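Below you'll find the structure, written out as structure tokens, and then a few comments.
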Amino acid sequence: MHGASAGPHVTPGLRTVPVQRRSAARLARILDACAELLDETGYEELSTRAVATRAGVPIGSVYRFFGNKRAMADALARRNLDSYAARVERRLAAIPAADWRSAIDAVLDEYLAMKRTVPGFGPVDFGTRIPAGPPGPAPAPGADLAPEPDPNDRVADRLTALLAAQLGRAPDPALRRTVLVAVEAADALLQLAFRTDASGDPDIIAETRELVRAYLARTLG
């Protein structure tokens, strides 16, 4: 693949960003425990105390990084996205730049692989399935009121950068808009595929692949 990669981002919402290996390993254990418990209990029953127990760390260690379970689940979703982008990038490195159809297959295949194998990915994904929860306290005067990006916007940003580098073109607004539409369509259809069949209905997945390819052909073909 050509050009710069879309590397991992610093996770917003962390109270403390780990700088030492030991602290980073503890954060990873907390997120791993969060992922396991999401599969076992779902988001509603998730608690920071249960995560601390599963991770084998004091509850204070969880609160050192996260103010609540919502922030913890969002960090897991962002870690999922970092992992997804890295997996896609590795796949694209072996695909000729002109073969955009194989590139799109790689994008879909890596999502499906994570959906089926990565702990906690089903309930959280890239953030799309975390309930919003009750509203929090009113922001302080002068606070930054910029909203958090929608999870599919995050995905579109990362994929636009990766595909632009792969295809040797600029990640301009037109490409980004096209990728966002494809991401939204694929997300809705793949949710349907996994509601229909726990492993992903193969016919719906095949239809999704055809739809995304046909839509992207006018821009990438």
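The values are calculated or read from the model by the stated rules, or taken from the named source; none is laboratory data. Just so you know, these numbers come straight off a predicted model, no measurement behind them. Virtual Cβ from ideal backbone geometry, glycine too; neighbours counted across all protein chains shown. Areas reflect the complete protein model, heavy atoms only, side chains present, ligands, DNA and RNA absent. Shrake-Rupley method; radii C 1.70, N 1.55, O 1.52, S 1.80 Å.
Descriptive notes on the structure:
- Global form of region 156-221, assessed from the alpha-carbon gyration tensor, a/c cut-off 1.5: prolate
- Subtracting the Cα-Cα distance of residue 214 and residue 93 from their residue separation scaled by 0.36 nm leaves 41.2 nm.
- Rounded if a/c under 1.5, otherwise prolate or oblate - region 51-97, Cα gyration tensor axes: prolate
- Residues of region 24-96: accessible area per residue with a 1.4 Å probe, Å²: 44
- Model label sites at residue 169 and residue 63, defined 7 Å from Cα along the beta-carbon direction, differ in position by 5.2 nm.
- Segment residue 177-residue 109, extension gain: residue separation times 0.36 nm, minus the distance between their alpha carbons: 22.3 nm
- Ranked order, 44, 184 - accessible area, probe 1.4 Å, largest first: 44, 184
- FRET efficiency for residue 101 and residue 49, using Cβ-Cβ distance with R0 set to 35 Å, rounded to 0.05: 0.15
- Within the assembled protein chains, the solvent-accessible surface assigned to residue 115 is about 40 Å², based on a 1.4 Å probe.
- Estimated FRET transfer efficiency (residue 20, residue 185; beta-carbon r; R0 30 Å; 0.05): 0.10
- Taking a ≥ b ≥ c as the square roots of the eigenvalues of the Cα gyration tensor, region 7-86 is classed as oblate, since a/c reaches at least 1.5 and a/b does not exceed b/c.
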